[in-house]
Number of protein chains: 2
Amino acid sequence: MERIVRKPRNRRKMQSVTMTDVAELANVSPSTVSLFLRKPDAVSPSASQAISRAIDKLNYVPNLMAGGLAAASSRAVSIIVPSVRNAFFAETVSAMQAALKKQRLQLILGHTEYDELEEEELVRMALSWAPAAIVLTGLSHSASTRRLLANVTIPVIEIWELGGPQIDSAIGFHHDQVGIAAAAHLIQQGRRNLVFLGARMHQDRRAKQRCDGFLQAARTGGAAAQVVEHPDTASAEIGAMLLSEALRLYPNADGIACSNDHIALGALFACNRLGVAVPERLAVVGFGDLSFSAACNPPLTTIRPSGDLIGREAARLIEDHLNGEKPERQLTIDTRFTLQHRRSS
Amino acid sequence: MERIVRKPRNRRKMQSVTMTDVAELANVSPSTVSLFLRKPDAVSPSASQAISRAIDKLNYVPNLMAGGLAAASSRAVSIIVPSVRNAFFAETVSAMQAALKKQRLQLILGHTEYDELEEEELVRMALSWAPAAIVLTGLSHSASTRRLLANVTIPVIEIWELGGPQIDSAIGFHHDQVGIAAAAHLIQQGRRNLVFLGARMHQDRRAKQRCDGFLQAARTGGAAAQVVEHPDTASAEIGAMLLSEALRLYPNADGIACSNDHIALGALFACNRLGVAVPERLAVVGFGDLSFSAACNPPLTTIRPSGDLIGREAARLIEDHLNGEKPERQLTIDTRFTLQHRRSS
DNA sequence: GATCAAAATCGTAGCGCTATGATTGGCCAT
DNA sequence: ATGGCCAATCATAGCGCTACGATTTTGATC
């Protein structure tokens, strides 16, 4: 019972419901449905109603890949940070996501773990999505990364660092100024024997910049300034170790600045255990103003960056670009920082 | 000087370099390039070499949207968490991203801020990307969300909660058991007047579950158990407030469990300020084992969940599904938790 | 009732890639 | 030689959508 076998090219997929289905049900052309989805105001009220009814009824979910391919751009924004476990970047990512959601833009996330090669690979993967914008952390990137980004037409935004050559726009603040502010504050409080406690400064450029700014400003201001550091990621445990070490090496230290509040928290714990009076004997200044900083014993003086503002500004930039409002590139936005003077200094 | 104006349909985009360009330079057909990119072993060594040389030379970046559209699936995994500012979810997101990178899968991130409607919208947006998998937090979702996910063929993974009806697979642990473990520990330490300090429990189901488990186990174990709570997000500041309040309301309390380590940290600060001896007068148990927990004064006894294991297991599940190895659905993986007994209890 | 610009709608040609099935060439057994 | 088989390669037909340009409808004005 042999038959002539047809070979109708096998279909690949079948998205359950497509725009054409919606169009049929709403009695309009697919073009109109597409238009409605992109610019609702350009479609008559009656058609709008029919279309949105059809969408609801069919539970239609547009295929963004098809849309992106046709439109040569996607509703995705790629953000590449060292790590989202770091509260600073988590805050920025969170703020950006909240702001971008209104534009129906999605965040594609990547972690470099402070590795430039990793970053390069992530940038390559990010570009594969033809994102609406790409956000990187810091101003330091591999030559290949720069090459990849040199010719893109989308906004490239570097965040959390200012003060170096930037690819396109940059949003952040000057970390050396943070160190300078910390030193100035301690000197103003009458401290003359300063120590900077730092973690992971061989990888975290920005922590290093804060440290360098601190040292320079301290010495310029007539104070002695030393560094005690640890190669691992900042934590309270390391902060405690660093403080003990600092007091051992520099017994007459009277002012401490920390690369961030985790370190400062650990330093406060150590002072507590060692019976070192803060701020009488030792003034402590942190960086970050993390969730616990105001609640410490004593409440921690710290420098507060504006992680969420960075995220919001980045989102605004992207939004403006999308609306074609701002052709200006090479923007630099200084989000500044503020010193929160509390009882630890 | 008028001319006859032609109207050759305007081109939309022009990705600088496409797969066809690579194929031409390598002297093979586009199909072979595509094959090389997806299954390098199926292409002869000579062709492989020519192709990878061409890719390098042209700096070719594949267009994942075109690929995804053609293949009816994308290299994206959507993960939806309450907030990435929460260290627990940040850890999971980070671990997942690290594991997925090896598969060249990208994470698309969404934040619900503990809002089910927000989650629903995010799920809809996520599905628009035809992701390879979708990861949600917890087991509680709106009816519409469930409907959206009912008929998808990709893995749907619910994380950080076990013990309820699940959509597909679930990876996490039982939060009531965390509460039970905390109560059992305090009772074992001879405490009989217990208080649970909780934050944001009207929104954070899992904190509520820990609380409920705690209360029930405490009472079953013959101890008095009370709750003192605050509606805002957990922080050390609120922890300190809650502890003061707890001591005011229940002056003879001798054991404290906290909805997480931020609260516990604040409680320890408050004890320190109030001169309440820990653990002599008051034992304190936290949840989370955050970065500062081991460094506190005294080091904090806490229950450590396995946020990174959750992320790794989720990635493994997705990977298995992608390789077609595991058609099994409705998997449940209990990642457990461990009690870190330190000096605060 | 005719005219015309503006508003609304539509038809069509791809966007860049992958899956399918077909074809080619090389090698071995007959 | 001849055929058969496998590995390597290729040609083709879309995936679902958007942008463009064209067409139709509307409604205000003469």
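Quickly run through the stretch A:145-161 and pick out the residues that are touching a residue at least 40 places away in the same chain (Cβ under 8 Å) and assigned to a strand (DSSP E or B).
A:157, A:159
Going residue by residue through the stretch B:316-324, is there one that turns out to be basic (Lys, Arg) and touching a residue at least 60 places away in the same chain (Cβ under 8 Å)? Yes, some residue in the stretch B:316-324 is basic (Lys, Arg) and touching a residue at least 60 places away in the same chain (Cβ under 8 Å).
Number of residues in the stretch A:289-307 that are of a type in the set (Gly, Ala, Ser), farther than 12 Å from residue B:237 by Cβ and open to solvent by 10 Å² or more (accessible area, probe 1.4 Å) equals 1. Here residue A:215 fits the description: assigned to a helix (DSSP H, G or I) and more than 20 Å from residue A:268 (Cα to Cα).
Filtering B:164, B:68 for residues that are more than 10 Å from chain A (Cβ to nearest Cβ) and either assigned to a helix (DSSP H, G or I) or open to solvent by 10 Å² or more (accessible area, probe 1.4 Å) (or both) leaves a single hit, B:164.
Summed over the stretch B:10-32, residues that are at pLDDT 90 or above and within 8 Å of DNA strand D (Cβ to nearest atom) total 7. Summed over the stretch B:258-288, the residues that are surrounded by 24 or more Cβ atoms within 10 Å (Cβ to Cβ), in a strand (DSSP E or B) and away from every other protein chain (no Cβ under 14 Å) give a count of 3. Quick one: would you say residue A:71 is free of Cβ contacts under 8 Å to residues at least 12 places away in the same chain and either within 21 Å of residue B:19 (Cβ to Cβ) or not aliphatic (A, V, I, L, M) (or both)? It is true that residue A:71 is free of Cβ contacts under 8 Å to residues at least 12 places away in the same chain and either within 21 Å of residue B:19 (Cβ to Cβ) or not aliphatic (A, V, I, L, M) (or both). Looking only at residues of the stretch A:35-45 that are assigned to a helix (DSSP H, G or I) and away from DNA strand D (no atom under 12 Å from the Cβ), we find that the one that is surrounded by the most Cβ atoms within 10 Å (Cβ to Cβ) is A:40. When the stretch B:218-241 is limited to residues that are away from chain A (no Cβ under 14 Å) and assigned to a helix (DSSP H, G or I), the one that is most open to solvent (accessible area, probe 1.4 Å) turns out to be B:219. If the condition is being polar (S, T, N, Q), in a helix (DSSP H, G or I) and near DNA strand C (Cβ under 7 Å from one of its atoms), then the stretch A:17-33 contributes A:31, A:32. Somewhere in the stretch A:83-96, is a residue away from DNA strand C (no atom under 16 Å from the Cβ) and in a strand (DSSP E or B)? No: zero hits. Checking each residue in the stretch B:102-112 for being more than 8 Å from chain A (Cβ to nearest Cβ) and either under 18 Å from residue B:204 (Cβ atoms) or basic (Lys, Arg) (or both) picks out B:102, B:112. Can you work out which of the residues in the stretch A:71-90 that are within 30 Å of residue A:113 (Cα to Cα), among the small types (Gly, Ala, Ser) and open to solvent by 40 Å² or more (accessible area, probe 1.4 Å) is farthest from DNA strand D (Cβ to nearest atom)? If we take residues in the stretch A:71-90 being within 30 Å of residue A:113 (Cα to Cα), among the small types (Gly, Ala, Ser) and open to solvent by 40 Å² or more (accessible area, probe 1.4 Å), then A:87 is farthest from DNA strand D (Cβ to nearest atom).
As a summary of the residue check, residue A:104 satisfies the conditions (1) open to solvent by 40 Å² or more (accessible area, probe 1.4 Å); (2) under 19 Å from residue A:154 (Cβ atoms); (3) part of a helix (DSSP H, G or I) except for the one numbered (3).
Does the stretch A:131-144 include one or more residues that are over 28 Å from residue B:77 (Cβ atoms) and assigned to a helix (DSSP H, G or I)? Yes, the stretch A:131-144 contains at least one residue that is over 28 Å from residue B:77 (Cβ atoms) and assigned to a helix (DSSP H, G or I).
Per-residue answers, yes or no, for (1) within 8 Å of chain B (Cβ to nearest Cβ); (2) hydrophobic (A, V, I, L, M, F, W, C); (3) touching a Pro at 6+ places or on another chain (Cβ under 9 Å); (4) open to solvent by 60 Å² or more (accessible area, probe 1.4 Å):
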| position | (1), (2), (3), (4) |
| --- | --- |
| A:33 | no, yes, no, no |
| A:47 | no, yes, no, no |
| A:60 | no, no, no, no |
| A:63 | yes, no, no, no |
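Picking from residues in the stretch B:71-101 that are within 8 Å of another protein chain (Cβ to nearest Cβ) and in contact with an Asp or Glu (Cβ under 7 Å, 6 or more places away or on another chain), the one that is nearest to residue B:34 (Cα to Cα) is B:91.
The values are calculated or read from the model by the stated rules, or taken from the named source; none is laboratory data. Every value quoted in this text rests on a predicted model; they were computed, and no experiment measured them. Quick reminder, even Gly has a Cβ in these numbers, built from the backbone with ideal geometry, and neighbours come from all protein chains shown. These accessible areas exclude ligands, DNA and RNA; they are computed on the full protein's heavy atoms, side chains included. Shrake-Rupley method; radii C 1.70, N 1.55, O 1.52, S 1.80 Å.
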